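Please treat every number below as a calculation from the coordinates, not as lab data. Worth saying up front: this structure is predicted, and the values here are computed from it rather than measured. Cβ sites come from the backbone with ideal geometry, for glycine too, and all protein chains shown count toward neighbours.
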Amino acid sequence: METKDLIQHTTPFYCYDLKLLNETLEEAKKHAKKYEYHIHYALKANTHNRILNSIQEIGFGADCVSGNEVKKALEIGFPTSKIAFAGVGKTDEEILIGLENEIFAFNCESIEEIEVINQLAKEQNKTARIALRLNPNVDAYTHKYITTGLEENKFGINSWELENLIELLPSWANIELTGLHFHIGSQITSMTPFKNLCIRVNELNKWFSERNIRIQHLNLGGGLGIDYNEPEKNPIPDFELFFGVFNQFLEPFSHQEIHFELGRSLVGNCGSLISKVLYIKKGIKTNFAILDAGMTELLRPAIYQAYHYIENITTASDNKEFYDVVGPICESSDCFGKKMELKETKRGDYVKIHSTGAYGEVMSSKYNLREQNPVVFLD
Ligand code: LLP
């Protein structure tokens, strides 16, 4: 779609490039297939039906973190045998949805949670398949709010609890332990944390095997980052490198299946947020470009100081200037970036905020009674 078609829509709006989505999915599939790796899509990144349909059709499973995400995955047609259900705080009602549908695995984060699942499964006369989400204490070297694999984080079962856990295991008659699950964080751009994760997983995997506990699958989570700086140059992440690291450093037993839960890397670069410039206001050093999109549409810059490449898509000018690009919301954190270089921008220009396909629209809010505009899909 050309810019002239794009700017007919009421701003701000999200726009998704389904062609790029499908190319990204194909690329991920191709490289995972080499090692017979299984991919689950982390629904939390984006839950549009058209996006989910493409992901389901290519054969990936689903990674859900709420009862509603499990319901959504079922509605889209993901097979129950490919649905994993994670989260530190699953409610009884949510657990029942998983039990009723006999999902692939509950990724469990505490002994207390396993006890509750066992009790509910007993009442339903079911056996729940579970994977233990273990906290590997591996640093992901990413923003602290999206680091999950350190002992100080609320996620996962810490290693000092494992002896106790395996003593309790035989008493949980309605639990079948099938897997070990890990997720160290998100937007990880160096392969070193993944290599370190493999080393730790190998140790833990051996630990279980030495105690004659047969683990059928290892789930390494998600976390592969995307190129926010140059999304047009590198629209598709390097899945070959990513899966290659696991192939090189992970030492699974021959009967074990390897699973991943990718979110951002599959959908991040296929989405953009299109917004109109409302005003250019004089600042002390740089001028403010005030957009009609704000933190209500895209929260990531406000809470993770995240950078998104912003481009003026309508100006005829080739002059570049620096702007503090901000939204209209009554919060100083409603800022997409300070001193951002844009082509000379004026009221009425349209800007494209790149790489917003993951954790963009799903994290939007109605704060300030903001409207939500329809989305545009580019086929
Ligand atoms: N598995 C688990 C257990 C997770 O917690 C997550 C993401 C994923 C998989 C998918 O991770 P990905 O491949 O997308 O990195 N809102 C933040 C990101 C939060 C990620 C939460 N967990 C952001 O906008 O950067």
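Over all distinct Cα-Cα pairs of region 134-278, the Kirkwood formula returns a hydrodynamic radius of 16.8 Å. Measuring between their Cα centroids, region 123-140 and region 37-103 lie 16 Å from each other.
Order 284-297, 6-19 from most to least packed using the mean count of other Cβ atoms within 10 Å.
Details: 284-297: 20.1, 6-19: 17.5.
Packing proxy ranking, top to bottom: 284-297, 6-19.
With all pairs of different alpha carbon atoms counted, what Kirkwood hydrodynamic radius in Å does region 18-268 show? Mind showing how you got there, number by number?
On the way: mean 1/r = 0.0548 Å⁻¹.
One decimal place: 18.3 Å for the Kirkwood radius.
Its alpha carbons give region 1-81 an Rg and a Dmax of 14.9, 46 Å. Measuring against 30 Å, Cα to Cα, the residue pairs 29/320; 44/352; 34/154; 30/320; 144/233 contain 29/320; 34/154; 30/320 as the ones spanning a longer distance.
The local environment of residue 38, defined by Cβ-Cβ distances under 9 Å, has a net charge of -1 under the rule Lys, Arg +1 and Asp, Glu -1. Treating r as the C-beta distance of residue 213 and residue 119 and R0 as 30 Å, the FRET efficiency rounds to 0.85.
Once you have a ≥ b ≥ c as the square roots of the Cα gyration tensor eigenvalues for region 94-197, tell me rounded if a/c is under 1.5, and otherwise prolate or oblate according to whether a/b is larger than b/c. Could the numbers behind the result be given before it?
Details: a/c = 2.69, a/b = 1.94, b/c = 1.39.
Cα axes put region 94-197 in the prolate bin.
Using the beta-carbon distance between residue 373 and residue 333 and R0 = 22 Å, what value does 1/(1 + (r/R0)^6) give for FRET efficiency, to the nearest 0.05? Write down the numbers at each step before the final one.
On the way: r = 22 Å, r/R0 = 1.02.
Efficiency at R0 = 22 Å is approximately 0.50.
Translational diffusion of region 3-161 was estimated from the Stokes-Einstein equation, with Rh taken as the Kirkwood radius over Cα pairs; at 25 °C and 0.890 mPa s the coefficient is 139 µm²/s. With springs only between Cα atoms under 10 Å, which of 186, 332, 54 fluctuates most in a Gaussian network model of the chain? Residue with maximal mean-square fluctuation among 186, 332, 54: 332. Does region 244-379 classify as rounded, prolate or oblate by the C-alpha gyration tensor (a ≥ b ≥ c root eigenvalues; a/c under 1.5 gives rounded; else a/b over b/c gives prolate, otherwise oblate)? Judged from the Cα gyration tensor, region 244-379 comes out prolate (a/c at least 1.5, a/b above b/c).
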